[in-house]
1. Can you give me the number of residues within segment 102-114 that are open to solvent by 30 Å² or more (accessible area, probe 1.4 Å), in contact (Cβ under 8 Å) with a residue 40 or more places away in the chain and outside any loop (DSSP other than H, G, I, E, B)?
2. Looking only at segment 1-20, count every residue that is open to solvent by 40 Å² or more (accessible area, probe 1.4 Å) and out of contact with any Phe, Trp or Tyr (no Cβ under 8 Å at 6 or more places or on another chain) and tell me the total.
3. Would you confirm, using the coordinates I've provided, whether residue 28 is under 20 Å from residue 144 (Cα atoms) and surrounded by 15 or more Cβ atoms within 10 Å (Cβ to Cβ)?
4. Looking for whichever is touching a strand residue (DSSP E or B) at 6+ places or on another chain (Cβ under 8 Å) and either open to solvent by less than 10 Å² (accessible area, probe 1.4 Å) or under 19 Å from residue 23 (Cα atoms) (or both) here; the options are 77, 33, 82, 64. Which one fits?
5. If you go through segment 1-50, how many residues are among the acidic types (Asp, Glu) and not in a loop (DSSP other than H, G, I, E, B)?
6. How many residues does segment 87-101 hold that are loosely packed, with under 15 Cβ neighbours inside 10 Å, out of contact with any helix residue (DSSP H, G or I) (no Cβ under 7 Å at 6 or more places or on another chain) and part of a strand (DSSP E or B)?
7. Please specify each residue of segment 51-64 satisfying the condition of being of a type outside the set (A, V, I, L, M), assigned to a loop (DSSP other than H, G, I, E, B) and in contact with a Pro (Cβ under 8 Å, 6 or more places away or on another chain).
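The values are calculated or read from the model by the stated rules, or taken from the named source; none is laboratory data. This one's a predicted model, so the numbers in the text were calculated from it and none came from an experiment. Note: ideal-geometry Cβ built from the backbone for every residue, glycine included; neighbour counts use all protein chains shown. With ligands, DNA and RNA removed, areas are computed over all heavy atoms of the protein, side chains included. Shrake-Rupley method; radii C 1.70, N 1.55, O 1.52, S 1.80 Å.
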Amino acid sequence: MAHDDRLIRFFGGGADDDGRTFEEILGWDDARLEMVHDYIQWIFPLTERSGANPWAPVLDEPTLAAIRGSAEMQGRLRAAFLRMLEFYGFALKGDRVVEGARFVAASRNWLHAGNHNHLRLTRMLRSLRVLGLEHEAAALWEVLRSLYESERGAGPRTITEETVAFWRQAATAPMDR
């Protein structure tokens, strides 16, 4: 299969297939991030094709090497991580992800069983690890794990055991890329 350089262009400051830049997407308000469903595969790419957006590019070895080896591209990935933390109501405090000031309001949008944002979080965890931001992935996993544990005895479940199993695998399973 021929090398697809769309992700390298996008992470390098160019546009995705719809003409949107990385910075433009990260500038969207929360409502637009929620409503649009074809950007997450661009800002958090994986080595496997997305069922939700099969036209999005996938990571291959040259793309992995380019993104992992570029401070500029790593900076964009980290900016995407920070923007999505904000979207979910989390914040970065030192090297830890914590519930931020907007957590209660933001979590009303995604913290219920079966929500599609749980899939987005799985993608984020795995993509961050594959692309070299292992510490950020570990910090996100820790806050998600803690959230799951804290609600275990608190009544109605908003995070299913199946979801946390996917998160755990994305965050901790051996990487074969």
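1. The number of residues fulfilling the criteria is 1.
2. The qualifying residues number 11.
3. no
4. 82
5. Total meeting the criteria: 4.
6. Of all residues in segment 87-101, those loosely packed, with under 15 Cβ neighbours inside 10 Å come to 93-96, 101.
Next, only the ones that are out of contact with any helix residue (DSSP H, G or I) (no Cβ under 7 Å at 6 or more places or on another chain) stay: 93-94, 101.
Filter once more, so that each one left must be part of a strand (DSSP E or B): 93.
Selection size over segment 87-101: 1.
7. Pass one, segment 51-64, residues of a type outside the set (A, V, I, L, M): 51, 53-55, 57, 60-63.
The next check asks that each one be assigned to a loop (DSSP other than H, G, I, E, B); those that pass are 51, 53-55, 57, 60.
The answer is 57, and nothing else.
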